[in-house]
Amino acid sequence: MPLVSTNAGPEKVTSPSVLDSQHGSVRPLAAEDLERVAALFLTKFRRRRHLRDRAVAETAEYMREIYLDPAGQSGASNALVQINPQGDLGGFLGVLKARYELNGTTLKAAIIGPLMADPGTDHGSAGPQLLRALHQGEFDLYLTDSANRVSLAFARPMKYQLLPVHCLGWTCIFRPAAMAAAMLHRRWPGLPRLILDPGARAFDALAKRRFGSPIQPSSSHRVHHEPMDAAQFAERLPGLLSDYALRPRWENGELPRLLALAAEKRADGPLHFGGTYDETGKILGCHAFYGQAGGIANLLQIQASGSHWGATLDGLVAAAWDLGCVGITGQTQSRFMPQLFGYRNVFFRYAGGTMVRSRIAEVTEAVRSGDIFIGGLMGDRWTRLSSDDFGH
């Protein structure tokens with residue numbers, strides 16, 4: 001999400017902290033803040049010059065769902081607002097609470113989302129105040145997977161660890177003209193498809209030899225791919241994470257609830273799940289992506305055990321192709337980069353900074369060695385704030 005700035009470290013608990021100063025104060029997000037925060041979000045990140053009541057109301061209700069009423073959590077919101085000395089909203093920092101485990105120890109994690117300040121009421125103090133308040137909280141590690149370039153520079157002196165490979169996005173093109181048309185239609189929904197689609201089909205017919213089926217034959221006839229539902233995905237994903245020293249710890253139905261929230265995202269189509277299995281039915285890997293016929297599939301999560309990343313990636317690409325998608329895009333991971341290099345028509349780009357900060361030496365070492373599960377469900381790109389156009 002190109003809207004995250006980042007923050008830092010684990011510190012002592014100060015309960016819902018309120019920092020008072022001559023520049024204002026910081027406190028947890030409250031229900032009465034939602035409409036003002038929603039309006040600021042639409043102005044900053046959806047470039048809305050004229051705010052409609054419907055868009056503000058829909059955005060505010062969604063923020064209530066993820067920041068004020070997260071299922072299974074209690075207490076004050078982890079998201080923060082800055083109130084200036086005049087009592088106006090000066091800024092907002094979206095924070096989602098999560099749990100990790102490392103060597104059997106449970107760690108509290110803050111997943112950092114949108115950081116924004118109102119230029120009309122803020123004079124450069126909102127951002128630093130929000131970050132200082134967050135750092136005085138209860139968390140053992142802080143992470144983001146979608147920081148923009150300004151945030152990268154801002155976080156460097158805060159001793160964040162950058163995961164360069166995770167900062168990249170990858171795109172595999174199936175049908176180039178249809179993909180370009182899908183991108184144009186998403187940017188300008190009013191463009192008539194009757195103008196774009198016929199030309200795209202004609203060009204792709206000519207380019208068929210260069211951009212053929214991306215499906216690669218499996219190296220083993222013993223491997224097969226099957227669709228699954230959200231409940232099956234939630235049941236099987238945690239078992240594939242044992243290779244990571246620093247990995248999420250979902251309890252009491254948290255993962256199914258998280259997937260239900262992720263399924264509310266609308267920009268790229270419905271959420272689809274699939275698994276890769278050996279001849280005995282043992283799960284080797286699984287994937288989840290958003291997609292619909294004629295659109296660009298958007299990877300939410302992919303995970304494999306051991307050496308089975310190639311087969312799992314093959315299953316993902318085949319599922320998107322069979323659905324009728326014109327291409328697929330997603331966040332990279334170091335563990336399947338070698339397999340990505342084996343595909344034709346794959347391109348890489350900067351997609352958002354992935355960074356982690358902690359004062360715990362073992363956490364720092366796990367991050368440094370790439371032994372952390374991060375991104376996808378352990379990020380904020382699954383939220384509607386990352387892509388959806390509210391009020392339409």
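The values are calculated or read from the model by the stated rules, or taken from the named source; none is laboratory data. Everything numeric here is computed off the predicted structure, so don't read it as measured data. Ideal geometry is used to build each Cβ from the backbone, glycine not excepted, and the neighbour counts take in all protein chains shown. Accessible surface is based on the protein model in full, side chains and every heavy atom, while ligands, DNA and RNA are left aside. Shrake-Rupley method; radii C 1.70, N 1.55, O 1.52, S 1.80 Å.
What the table below lists for this structure:
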{"item": "Helices (runs of 4 or more DSSP H) fully within the range 75-188 counting 1 or more residues that are within 30 Å of residue 293 (Cβ to Cβ)", "result": "176-187"}
{"item": "Residues of the range 24-71 classified as touching a residue at least 12 places away in the same chain (Cβ under 8 Å), not in a helix (DSSP H, G or I) and not small (Gly, Ala, Ser), total", "result": "8"}
{"item": "Cβ pairs under 6 Å, 6+ apart, first in the range 262-273 and hydrophobic (A, V, I, L, M, F, W, C), second not in a strand (DSSP E or B)", "result": "262/382; 267/387; 267/388; 271/263; 273/233"}
{"item": "Residue in the range 339-352 that is nearest to residue 100 (Cα to Cα), counting only those that are outside any strand (DSSP E or B), touching a helix residue (DSSP H, G or I) at 6+ places or on another chain (Cβ under 8 Å) and open to solvent by 40 Å² or more (accessible area, probe 1.4 Å)", "result": "339"}
{"item": "Residue 389 being more than 19 Å from residue 182 (Cα to Cα), acidic (Asp, Glu) and open to solvent by 20 Å² or more (accessible area, probe 1.4 Å)", "result": "no"}
{"item": "Test result for residue 300, under 22 Å from residue 147 (Cα atoms), among the aliphatic types (A, V, I, L, M) and open to solvent by 10 Å² or more (accessible area, probe 1.4 Å)", "result": "yes"}
{"item": "Selection status of residue 103, surrounded by 15 or more Cβ atoms within 10 Å (Cβ to Cβ), more than 22 Å from residue 264 (Cα to Cα) and more than 21 Å from the chain's Cα centre (by Cα)", "result": "no"}
{"item": "Per-region count, the range 66-95, residues under 21 Å from residue 379 (Cα atoms), open to solvent by less than 20 Å² (accessible area, probe 1.4 Å) and of a type in the set (A, V, I, L, M)", "result": "6"}
{"item": "Count - residues of the range 353-362 that are hydrophobic (A, V, I, L, M, F, W, C) and either more than 21 Å from the chain's Cα centre (by Cα) or open to solvent by 40 Å² or more (accessible area, probe 1.4 Å) (or both)", "result": "2"}
{"item": "Contacts under 6 angstrom Cβ, first residue in the range 232-246 being open to solvent by less than 60 Å² (accessible area, probe 1.4 Å), partner at pLDDT below 95 and of a type in the set (Asp, Glu), 6 or more apart", "result": "none"}
{"item": "Test result for residue 290, within 20 Å of residue 330 (Cβ to Cβ), free of Cβ contacts under 8 Å to residues at least 40 places away in the same chain and open to solvent by less than 30 Å² (accessible area, probe 1.4 Å)", "result": "yes"}
{"item": "Top-ranked residue of the range 49-65 - restricted to ones that are more than 21 Å from the chain's Cα centre (by Cα) and within 20 Å of residue 265 (Cα to Cα), ranked as least open to solvent (accessible area, probe 1.4 Å)", "result": "55"}
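Matching residues to (1) touching a Gly at 6+ places or on another chain (Cβ under 6 Å); (2) at pLDDT 95 or above:
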{"site": "212", "(1), (2)": "no, no"}
{"site": "226", "(1), (2)": "yes, yes"}
{"site": "235", "(1), (2)": "no, yes"}
{"site": "251", "(1), (2)": "no, no"}
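Per-residue answers, yes or no, for (1) open to solvent by 50 Å² or more (accessible area, probe 1.4 Å); (2) outside any loop (DSSP other than H, G, I, E, B); (3) in contact with a Phe, Trp or Tyr (Cβ under 8 Å, 6 or more places away or on another chain):
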residue: 260; (1), (2), (3): yes, yes, no
residue: 265; (1), (2), (3): no, no, yes
residue: 319; (1), (2), (3): no, yes, yes
residue: 330; (1), (2), (3): no, yes, yes
